[in-house]
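Beneath this line is the structure, given in structure tokens, with notes to follow.
Just so you know, all these numbers are worked out from the coordinates, no wet-lab data involved. These numbers were taken from a predicted model, which means no experiment stands behind them. Every residue, glycine as well, gets a Cβ built from its backbone with ideal geometry; the counts of neighbours run over all protein chains shown.
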Amino acid sequence: MKPDTPQSWKDAVVALPPDGCDTAACPDPDRIWSAVRGELAPDEFGRLADHAAACPACALAWQLAEKGSTEIGRPQIRSDRRPWRAWYGVAAAMLVAAVALAIQFRQPEQAPVTSPPEYRAPVDEAVHSELTDGAALPRNDCTLRWSGPAGATFDIKVADENFQAVYRETGLAGSTFTVPPEALQGIPAGGVIVWQVEAVLPDGTRKLSRTFRATVE
Amino acid sequence: MPDYEEIRAVLVRAIASLCPGWMTDRRDDLVQSAMMKLLRQEEKSELNPAPKASYLWKVAHSVTVDEIRSVRRKGEVSLDPAEDETAVRLEDARAGQDRAMWELGNAIRECFETLESRRRRVVALNLLGHSLPETAEHSGWRYDQVRNLLYRGMKQLRFCLAGKGFAP
């Protein structure tokens, strides 16, 4: 279903009041840009979207960010969460549950788990961190390094220790990335960030790394 | 050392694209403001030596929005009378069209108030140019859920606007 939205409505929501706007409570334009680029956690994204729905000046700022984002290439959507995919997910979950039950009945006693906890099960070993896990990095030069398949470009995602997105960058040709200091404003000194790299191979296939950990000084 | 000519070229292109038509006379000033912002970052060693185009566009967007807010701030009185006269002439030229658009925008915002919060958000994002898959991804909601919210929200918005005398 593609909604038939009149262009005049799109123009009208960004029309500024003739007698001026009160912008004292408006968010920083950088946050609006980050919201449009999908760099914010859902909660903050929602707050900014709700504000733009009620504030013509921020609606205009949002629409301009959409325009700019289109011109430089919109970030790739990881999953479009279409319903048939959800059903595949349910089917897969049921299958896993059935297998788990079968194993449970065949092996009544299981050895305790002794391996160290991981943020995510290793998915692919094609991309490796070149930093030691938990390495302390200076805030003004928070450079993440990795190695991956030759000829690949890389997408990187950085989050805080609660897995709230801090920064995302796509289409990196090199295998280092310096996280902008302003993206780390919410991370306290000694705070932990987690990061993950996805290699995009020339044939379009993707290889996701483990989730790595670093400390921001 | 950043290549300032290259940076300036990107900023000129970005500002030209982002700057609303009624602010075209301020484009050079905006490019300058963006350059100054980057220079201040470099002084504090916060600027990547080779900033990506996406970052430069973000800076261009930021200075443009700051300028829009400054120009259209409520109750702002210019120190330069000539600037005021220009503004009045511009206002006269487009007053009718702008007022009609503003009234429609206001009606849409009033109708938003009658929508359930998630429907309101999805409809507003649609009007602002955010695609359905992006809205789903960035809100952490399912795609089919968002599609449904938009369908129902738009239906309700049409009904509400029709009640106020605005037909699409």
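Computed from the Cβ-Cβ distance with R0 of 22 Å, the FRET efficiency linking residue B:28 to residue A:11 stands at 0.25.
Report the FRET efficiency, 1/(1 + (r/R0)^6), for residue B:103 and residue A:101, where r is their Cβ-Cβ distance and R0 is 56 Å, rounded to 0.05.
The calculated FRET efficiency here is 0.35.
With K and R counted +1 and D and E -1, the other residues having a Cβ less than 15 Å from that of residue B:116 yield a net charge of +4. Taking the inverse of the mean 1/r over every pair of distinct Cα atoms in the stretch A:128-216 gives a Kirkwood hydrodynamic radius of 13.1 Å.
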